[in-house]
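Peer 1: Dropping the structure in here first, questions after.
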Amino acid sequence: MTIEALQNRAEQILRNAGVMPVLTVDSVDQGLRMADALAEGGLKTLELTLRTPAAMSALAAIKKARPDILVGAGTVLSADQAQASIDVGADFLVTPGTPAVLAEALAKAPIPAVPGAATPTEFIALMALGFRVCKLFPASVLGGIAMARNLAGPLAELRLCANGGVNEASAADYLAEPNVLCVGGSWMLPKSWLANGEWDKVRNSAAKAAQIVAKARGAG
Ligand code: 3PG
């Protein structure tokens, strides 16, 4: 598939998701439980970060047990991690920032990639490689909605997944921006709920997020 086709697919995945939970897992079992609770609440597109030793096995396990859930590998920092994620069945790749060597590897990947960037210069470099669907990170620190809005003028083709400090209170405002396809975050997975096995709370928070997306799409 060409990078253009893969980016079209990335746009479709993110627009369809609207809210993408960011998962950091301690174990395979915990990852499966998180994925189930989120999916039951209506969120079926996930970013699973490669920040813990269990991450790669959890990604593989979720893809095997729940093929209807789309799982992106997140916090991909190297070409090797990108390849390992592809090998275990990741549906797409997400990075928090994208140095040139990583961007070039992602541009050759056989699955969609959503490279992270924080400045116009970085987005322009990614767009030169064919990326127009990128992660704005860390969105809230960069100016939040105003940052997304300011990028829309000069970089009209760019479409964003805004992550970093986004929460239930701010999600709708981000989604109202025409260049924001999706917001990502971990607000529906606070550590205390995970530690106490409060999956009903995760499910309810996911359901609220899904409602925010439905409302934003209805209004759009
Ligand atoms: C990310 O990597 O996208 C962030 O960790 C987003 O989640 P947070 O804002 O809830 O930390």
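Peer 1: Give me the log10 of I(q) over I(0) for the stretch 110-220 at q = 0.16, 0.19, 0.20, 0.23 Å⁻¹, as the Debye formula computes it from C-alpha points; what are the numbers?
Peer 2: -0.75, -0.96, -1.03, -1.20
Peer 1: Using only the Cα atoms of the stretch 1-111, build the gyration tensor, take square roots of its eigenvalues as a ≥ b ≥ c, and label the shape rounded, prolate or oblate: rounded if a/c is under 1.5, else prolate if a/b is larger than b/c, else oblate.
Peer 2: oblate
Peer 1: Using a 10 angstrom Cβ neighbour count of at most 14 plus a DSSP loop assignment to flag exposed trypsin sites (Lys or Arg not before Pro), which longest range of the chain is free of such sites?
Peer 2: Maximal segment without exposed cleavage sites: 109-220.
Peer 1: Sequence neighbours fewer than 8 away in the same chain don't count; with that in mind, list the aspartates and glutamates whose C-alpha is under 16 Å from LYS201.
Peer 2: ASP36, GLU40, GLU168
Peer 1: Then there's this: Residue farthest toward the positive end of the dipole of the chain, with Cβ of Lys/Arg at +1 and Asp/Glu at -1: which of ALA54, SER170, VAL114?
Peer 2: Sorting the options by dipole projection puts first SER170.
Peer 1: Which residue fluctuates the most in the chain, going by a Gaussian network model with Cα springs under 10 Å, if the choices are ALA152, ALA100, ALA207?
Peer 2: With Cα springs under 10 Å in the chain, the top fluctuation among ALA152, ALA100, ALA207 is at ALA100.
Peer 1: For the stretch 1-72 and the stretch 89-149, write down the distance between their C-alpha centroids in whole Å.
Peer 2: Computed from Cα coordinates, the inter-centre distance equals 18 Å.
Peer 1: Share of the chain's accessible area from carbon and sulfur, percent, 1.4 Å?
Peer 2: Within the chain, the accessible surface is 55 percent carbon and sulfur.
Peer 1: Another one. Using a Gaussian network model of the chain with C-alpha springs under 10 Å, which one of PRO21, PRO112, PRO178 is most mobile by mean-square fluctuation?
Peer 2: It is PRO178.
Peer 1: Using 23 Å as the Cα-Cα cut-off, could you pick out the over-long pairs in LYS44/LYS191; LYS64/LYS108; LYS64/LYS215; LYS108/LYS135; LYS64/LYS191?
Peer 2: Too far apart for the 23 Å limit: LYS64/LYS108; LYS64/LYS215; LYS64/LYS191.
Peer 1: For the chain, modelled as a Gaussian network with Cα springs under 10 Å, which listed residue fluctuates most, THR95, THR119, THR45?
Peer 2: THR119
Peer 1: Assign one of three labels to the chain, namely rounded, prolate or oblate, based on the Cα gyration tensor with a ≥ b ≥ c the square roots of its eigenvalues; rounded applies when a/c is under 1.5, prolate when it is not and a/b is larger than b/c, and oblate otherwise.
Peer 2: Oblate, because a/c is 1.5 or more while a/b does not exceed b/c.
Peer 1: Indicate the gyration tensor shape class of the stretch 19-59 (rounded, prolate or oblate), computed on the Cα atoms with a ≥ b ≥ c the square roots of the eigenvalues: a/c under 1.5 is rounded; otherwise a/b larger than b/c is prolate and the rest oblate.
Peer 2: Oblate is the answer for the stretch 19-59, as a/c is 1.5 or above yet b/c matches or exceeds a/b.
Peer 1: On the full set of protein chains, 1.4 Å probe, figure out the accessible area of ASP173 and give it in Å² to the nearest 10.
Peer 2: The value for ASP173 is about 90 Å².
The values are calculated or read from the model by the stated rules, or taken from the named source; none is laboratory data. Since we're looking at a predicted model, the values are computed, not measured. Cβ coordinates were reconstructed from backbone atoms using ideal geometry, including for glycine residues, and neighbour counts include every protein chain displayed. All accessible areas refer to the heavy atoms of the entire protein, side chains included, with ligands and DNA or RNA removed. Shrake-Rupley method; radii C 1.70, N 1.55, O 1.52, S 1.80 Å.
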